[in-house]
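**Q** Submitted below is the structure of interest, expressed as structure tokens.
The values are calculated or read from the model by the stated rules, or taken from the named source; none is laboratory data. Bear in mind the structure is a predicted one, so any value in this text is a computation, not a measurement. Here the Cβ positions follow ideal geometry from the backbone for every residue, glycine too, while neighbour counts run over all protein chains shown.
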Amino acid sequence: MSNNWKNRVDAEHTRREEEAERMSATEKERAMEIHRQRFKCHVCGKSSEKMIEATAGGKPYLIGYPDDLVKCDKCRELTCEEHIYKGICKTCAEKL
Ligand SMILES: [Zn+2]
Ligand SMILES: [Zn+2]
């Protein structure tokens, strides 16, 4: 029973780690929700589902910028892969 207090500390550490993981998952989900509302294709309105991920100090973090939408060369609007061709969006292509 001499190590009982150490087991308690171990259990406390595990509990804290689990809590931190749960927190970050919720935070990530919340960030994604804001991201979806903020970044949409201006042609079809499809929300971005991917954020650009970067690493700082060995820890990955999300840059608040879409990874699946690109800016049109002409109007600079965010466009999904489906509605951009060679850097020009469908809307601008129709005006060419
Ligand atoms: Zn689109
Ligand atoms: Zn355009």
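**Q** Quick one: G57 ticks every box in (1) modelled with pLDDT under 95; (2) under 17 Å from the mean Cα position of the chain (by Cα) except a single one, so which number is it?
**A** Of (1) modelled with pLDDT under 95; (2) under 17 Å from the mean Cα position of the chain (by Cα), only one is false for G57: (2).
**Q** Select from segment 32-65 the residues that are within 20 Å of E77 (Cα to Cα) and of a type in the set (G, A, S) and write down the one among them that is surrounded by the fewest Cβ atoms within 10 Å (Cβ to Cβ).
**A** Ranking the candidates gives G45 first.
**Q** How many residues are within 13 Å of ligand 1 (Cβ to nearest atom) and in contact with a helix residue (DSSP H, G or I) (Cβ under 8 Å, 6 or more places away or on another chain) if we restrict to segment 70-90?
**A** Within segment 70-90, residues that are within 13 Å of ligand 1 (Cβ to nearest atom) and in contact with a helix residue (DSSP H, G or I) (Cβ under 8 Å, 6 or more places away or on another chain) number 9.
Matching residues to (1) part of a strand (DSSP E or B); (2) in contact with a strand residue (DSSP E or B) (Cβ under 8 Å, 6 or more places away or on another chain); (3) closer than 23 Å to R30 by Cα:
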residue	(1), (2), (3)
V43	no, yes, no
I52	yes, yes, yes
D73	no, yes, no
R76	no, no, no
T91	no, no, no
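**Q** Can you name the number of the only condition in (1) within 13 Å of ligand 1 (Cβ to nearest atom); (2) in a strand (DSSP E or B) that Y65 fails?
**A** (1)
**Q** Now for a different question. Starting from segment 68-96, take each residue that is under 23 Å from M51 (Cα atoms) and list its partners that are small (G, A, S) and near ligand 2 (Cβ under 10 Å from one of its atoms), counting only C-beta distances under 6 angstrom and pairs at least six apart or across chains.
**A** Close Cβ pairs (under 6 Å, with a partner that is small (G, A, S) and near ligand 2 (Cβ under 10 Å from one of its atoms)) amount to D73/G87.
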